[in-house]
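Enquirer: Dropping the structure in here first, questions after.
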Amino acid sequence: MPGNEVYFEIDGEGGKIGSMRGTVGKSFLIIWLIALLLWIPSCATNPVSGQPELMLLSEKDEIRLGRQTDAEIIRQYGLYEDKKLSAYLNEIGDKMVKLSHRPNLAFHFRLLDSSVVNAFAVPGGYVYITRGILAALNNEAELAGVMGHEIGHVTARHSAEQYTRAQLAQLGLGLGMVFSDTLRGISDFAQLGVGLLFLKFSRNNERQADELGVEYSTKAGYDARQMAEFFKTLERMNPGPGKSGLPSWFATHPSPEDRVMTVRAEARELQEALGVRNLKIGRNEYLRHIDGLVFGEDPRQGYEKDNVFYHPVLRFQFPVPPGWKLVNTASQVRIINKKRNALILFSLATGNTPRDAADTFVEKTRALVLRTAETRINNLPAYYIVSDIRTQNGILRVLSYFIKKGKHIFVFHGAAFPSLFGKYRPTFEVTIRGFKNLSDPKKINVKPRRIRIRKVRLTGTVKETLISLGVPRRELKRIALLNGKTLDEKLQANTLLKVVQK
Ligand SMILES: [Zn+2]
């Protein structure tokens, strides 16, 4: 959770608590409904293949959908504020867009504040790069390759096609299970509006995006063989999903077989065909741009330690039930038990008083209220409700506490199916009643770790160099990998290297 904005929206229609703000969630759904009602398949020409194809989305719809989705993604994951770095991404991206199959489409390149190694695109020209993937990249050519790949998904209209497929599924025309989720009723309640975006592309789509990434980055003057090098680094890293709930590039990109070899061969062929040599790699230039980049989870946005969640900016803490899994996103904190049949949601709420915020909640969810009362939580004014909320997968019983601390109203929802509610209620209460002011300076004065760029003084192995730069032994392998290197590789003096420090 960030420290400054109120992000929370309750959507009354489906009994869902989304994490979007204001009316965005609702209008997003409305666009979907309109798209379904006005479903008139049209034949469009694919910008990349030049072949006619069946499309449910016109370019105008595609852009509109992209804009709506973009707002949700930003609310969900948050932007990483760094004007210089954003300008750098735009510069590289725009250069490739001009040479692409859709040079007139306005692209938007967003830097997301997530430690997860990922990049993705949505229809209408929205491309997302996480700070996590920037930390893992080692030169400008690799970055251009990744961005070119994502631009390729947009120019070849892969995501539009994907939306089309999702719509077909909604219309009952097959392909089902697009919206499958292990949490069922609970997930209706805690639904992420953007889940749909992380459908996997087909291997053919990936193959084509790789090819387009090679094409666009080569034409923009980069050595696309570096893209293959990055895929190799990624395979060695095999990053799993992060705590922020965003899936990794591995999860959203089914890897075509022999991807590394294929990309390398395509790059070489294109370079020969175009007669270009000595293309740009831009290692030093790239590394200078990411010097100081936040690495890993940023504790200033909240962190869990020894079964307590601390928020140093908003100055609160609460206990986390042992064994439950906490996911901290830009908009909410979700805590889920092992059996995945109970959930605690925590976020900011809107309203002047706890009572106000509770009324808004009831109105928007059309909750059937069973009990309410004014109360205090560690001396903070609070209001609680027990209610039943209808979801697509049945009734959920929800214990909600609205708590005022300073100028903010915070809300906890403990949710389970009615038959299990009694069993989990004591756990919900322990967490919620443990909410209190955070005053311990040690817990408040936390700093994120950052990428620091260091110059190698003497020729030696990566291992020797990293030790001389103060990298702890247990992190040697990981930091070497972050640099796309192995520990026994030789380094020349004056080489730049990434290390991770506070
Ligand atoms: Zn892809």
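Enquirer: Residues in segment 203-219: is at least one away from the ligand (no atom under 16 Å from the Cβ), modelled with pLDDT of 95 or more, under 22 Å from residue 101 (Cβ atoms) and not hydroxyl-bearing (Ser, Thr, Tyr)?
Expert: Yes, there is a match, as at least one residue in segment 203-219 is away from the ligand (no atom under 16 Å from the Cβ), modelled with pLDDT of 95 or more, under 22 Å from residue 101 (Cβ atoms) and not hydroxyl-bearing (Ser, Thr, Tyr).
Enquirer: Does residue 431 satisfy the condition of being over 26 Å from residue 236 (Cβ atoms) and either within 30 Å of the chain's Cα centre (by Cα) or assigned by TED's automatic domain parsing to the domain that holds residue 139 (or both)?
Expert: Yes; evaluated as a whole, the condition is true for this residue.
Enquirer: In this structure, does residue 361 turn out to be aromatic (Phe, Trp, Tyr) and at pLDDT below 95?
Expert: yes
Enquirer: Go through 282, 302, 296, 242 for me and flag whichever is at pLDDT 90 or above, crowded, with 17+ Cβ neighbours inside 10 Å and under 21 Å from the mean Cα position of the chain (by Cα).
Expert: 302
Enquirer: Would segment 434-444 turn up any residue that is surrounded by 16 or more Cβ atoms within 10 Å (Cβ to Cβ), at pLDDT 95 or above and farther than 21 Å from residue 328 by Cβ?
Expert: No, there is no match, as no residue in segment 434-444 is surrounded by 16 or more Cβ atoms within 10 Å (Cβ to Cβ), at pLDDT 95 or above and farther than 21 Å from residue 328 by Cβ.
Enquirer: Which residue out of 288, 264 is free of Cβ contacts under 8 Å to residues at least 60 places away in the same chain and not assigned by TED's automatic domain parsing to the domain that holds residue 429?
Expert: 264
Enquirer: Can you say whether residue 465 is among the hydroxyl-bearing types (Ser, Thr, Tyr) and touching a helix residue (DSSP H, G or I) at 6+ places or on another chain (Cβ under 9 Å), as far as the supplied structure shows?
Expert: no
Enquirer: Here's another thing I want to ask about it. Of all residues in segment 464-494, how many are surrounded by 19 or more Cβ atoms within 10 Å (Cβ to Cβ) and β-branched (Val, Ile, Thr)?
Expert: 3
Enquirer: Another one. Please report, ordered by residue number, the strands (runs of 3 or more DSSP E) entirely within segment 274-341 with at least 1 residues that are touching a Ser or Thr at 6+ places or on another chain (Cβ under 8 Å) and under 22 Å from residue 437 (Cβ atoms).
Expert: Output list reads 316-319, 325-328, 333-336.
Enquirer: If I ask for residues that are surrounded by 16 or more Cβ atoms within 10 Å (Cβ to Cβ) and either part of a strand (DSSP E or B) or at pLDDT 95 or above (or both), which ones from segment 450-461 would you list?
Expert: If the condition is that a residue be surrounded by 16 or more Cβ atoms within 10 Å (Cβ to Cβ) and either part of a strand (DSSP E or B) or at pLDDT 95 or above (or both), then 450, 451, 452, 453, 454, 460, 461 are the ones that fit.
Enquirer: Among the residues of segment 256-273, write down those that are assigned to a loop (DSSP other than H, G, I, E, B) and buried (at least 16 other Cβ atoms within 10 Å of the Cβ).
Expert: Matches in segment 256-273: 256 only.
Enquirer: Continuing with the same structure: Report, by residue number, each residue of segment 80-106 that is part of a helix (DSSP H, G or I), buried (at least 18 other Cβ atoms within 10 Å of the Cβ) and either without any contact (Cβ under 8 Å) to a residue 24 or more places away in the chain or of a type in the set (A, V, I, L, M, F, W, C) (or both).
Expert: If the condition is that a residue be part of a helix (DSSP H, G or I), buried (at least 18 other Cβ atoms within 10 Å of the Cβ) and either without any contact (Cβ under 8 Å) to a residue 24 or more places away in the chain or of a type in the set (A, V, I, L, M, F, W, C) (or both), then 85, 89, 92, 96, 97 are the ones that fit.
Enquirer: Could you check, for segment 45-63, whether at least one of its residues is surrounded by 14 or more Cβ atoms within 10 Å (Cβ to Cβ), farther than 25 Å from residue 207 by Cβ, modelled with pLDDT under 85 and within 26 Å of the chain's Cα centre (by Cα)?
Expert: Among the residues of segment 45-63, at least one is surrounded by 14 or more Cβ atoms within 10 Å (Cβ to Cβ), farther than 25 Å from residue 207 by Cβ, modelled with pLDDT under 85 and within 26 Å of the chain's Cα centre (by Cα), which makes the answer yes.
The values are calculated or read from the model by the stated rules, or taken from the named source; none is laboratory data. As the structure is a prediction and not an experimental result, all values here were calculated from the model. So basically every Cβ, Gly included, is an ideal-geometry build from the backbone, and we count neighbours across all protein chains shown.
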